[in-house]
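What follows is a single structure, written as C-alpha cells, with notes after it.
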Amino acid sequence: MKIRVTAIFVKDQESALKFYTQKLGFVKKMDIPLENGDRWLTVVSEEEQDGPELLLEPLSDNHFKPASTFQKAVFDAGLPYTQFSVENVQEEYERLIDLGVEFSVEPTKIGTIILAIFNDTCGNNIQIVEIE
C-alpha cells in the first residue's frame, strides 16, 4: 500500500495553486476540469515529481459544508492541517519570509526536530519540519 494522493481543503483553487507553486515551489501535476467549475488539481514536490500528490480540494457552498467548519476550527486553534519535510527549517523560513509568507510559529526546536508553522492563505496552517 502506498500514499498516492492526499488532500488539503482550500478556499479558492486558483489562489491555492499560485501559493503552492510560486511560494512553496511545488509543481502542478494534474488539472482536470470537473462540474461546477471545480478541478481535480494536484501539485507535487519539484524534487519528487512521481511522488505523492497533494490535491487542492475546493471548499465552497457546493461541497460538504462541515468541512469548512472543520478547517476553520483547526486554523483558529493554531493547529497545522498538515506538515511538509524540509532539509533546513531556518533556511526555508527565511526564504518564505522573503516571499511574504506569514508565520505563526518561528523555527523552534522540540526534541530531535525543528519546526515552524505558516499560513497558506487558503485557510490552513502548515508546519514545516526538519528531523535532526
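Structural remarks
- Matching residues in the stretch 12-59 - criterion: being basic (Lys, Arg) and either touching a helix residue (DSSP H, G or I) at 6+ places or on another chain (Cβ under 9 Å) or part of a helix (DSSP H, G or I) (or both): LYS18, LYS23, LYS28, ARG39
- When the stretch 31-65 is filtered for residues that are open to solvent by 70 Å² or more (accessible area, probe 1.4 Å) and farther than 30 Å from ILE97 by Cβ, the ones remaining, listed by number, are ILE32, PRO33, LEU34, GLU35, ASN36, TRP40, ASP50, ASP61, ASN62, PHE64, LYS65.
- PHE84 passes every criterion in (1) open to solvent by less than 70 Å² (accessible area, probe 1.4 Å); (2) part of a loop (DSSP other than H, G, I, E, B); (3) closer than 16 Å to CYS122 by Cβ apart from (2).
- Of note, SER15 does not satisfy the criterion of being surrounded by 14 or more Cβ atoms within 10 Å (Cβ to Cβ), at pLDDT 95 or above, under 18 Å from SER85 (Cβ atoms) and not aromatic (Phe, Trp, Tyr).
- LEU79 vs. criteria exposed (fewer than 13 other Cβ atoms within 10 Å of the Cβ), within 17 Å of LYS23 (Cβ to Cβ) and touching a residue at least 12 places away in the same chain (Cβ under 8 Å): no
- Some residue of the stretch 58-65 being in contact with a strand residue (DSSP E or B) (Cβ under 7 Å, 6 or more places away or on another chain) and among the polar types (S, T, N, Q): no
- Test for SER68: is it under 17 Å from PHE9 (Cα atoms), among the polar types (S, T, N, Q) and either in contact with a Leu (Cβ under 7 Å, 6 or more places away or on another chain) or open to solvent by 70 Å² or more (accessible area, probe 1.4 Å) (or both): yes
The values are calculated or read from the model by the stated rules, or taken from the named source; none is laboratory data. Here the structure is a predicted model, which is why all the values come from computation and not from measurement. Positions of Cβ are generated from backbone atoms using ideal geometry, with glycine treated the same way; all protein chains shown enter the neighbour counts. Note: accessible area is taken over every heavy atom of the protein model, side chains too, but ligands, DNA and RNA are not part of it. Shrake-Rupley method; radii C 1.70, N 1.55, O 1.52, S 1.80 Å.
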